[in-house]
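Have a look at the structure below, then the notes.
Rule-based calculations on the coordinates, nothing more; no lab input. Since this is a predicted model, take the numbers as computed values, not measurements. FYI the Cβ positions are ideal-geometry reconstructions off the backbone, even for glycines, and counts take in every protein chain you see.
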Amino acid sequence: MTDMIKVVYDIKVYRKGLKEIIKTDDVVVELGCHVGNSTRIIAQHNPHGKILSLDKSQESVDKMENLMREYPQLQFIKADVRLHEILESIAEKVEGLGGCDLLSVDLGGGYHPDS
């Protein structure tokens, strides 16, 4: 397994990269899923894995609930990923799944400057 950190600022490049590196059975943690546009890509490329997607936005709730009905491997958690206790609880969940294969982070860039 090769460990890699890839930082991109263009959403198209980010999503293309997701398509290239996700495996069908990965455990994926997605921080900052918003309304699930990238989540859908992750779910389509990982039908036998597990996805934990987090976002604090109220806008996320309905969209992510719809995606969970479409993709049973997806679990959405409405939470602020900037809080240590949230990340700690996710780390515990992931440990129970055998570890995290991919950490996908999109915290809004310039759109949400408090991120």
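Tabulated values for the structure
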| read-out | value |
| --- | --- |
| Entries of K6/K63; K19/K50; K19/K93; K6/K78; K19/K56 with Cα pairs more than 20 Å apart | K6/K63; K19/K93; K6/K78; K19/K56 |
| Dimensionless Rg ratio for the chain, taking C-alpha atoms and the 2.2 N^0.38 Å reference | 0.99 |
| Mean Cβ count within 10 Å, highest first, over the residues of peptides 53-60, 5-12 | 53-60, 5-12 |
| Burial ranking of peptide ranges 72-80, 19-27 (average Cβ count within 10 Å, highest at the top) | 72-80, 19-27 |
| Computed [θ] at 222 nm, deg cm²/dmol, the chain (DSSP H ≥ 4; -39,500 (n - 2.57); rounded to nearest 500) | -12500 deg cm²/dmol |
| Gained length - R82 relative to L97, 0.36 nm times residue gap less alpha-carbon distance | 3.2 nm |
| Charge sum, other residues only, whose C-beta stays under 12 Å from R69's C-beta, Lys/Arg counted +1 and Asp/Glu -1 | -2 |
| Full-stretch length increase - S89, V105 - with 0.36 nm per residue and alpha-carbon distance subtracted | 4.1 nm |
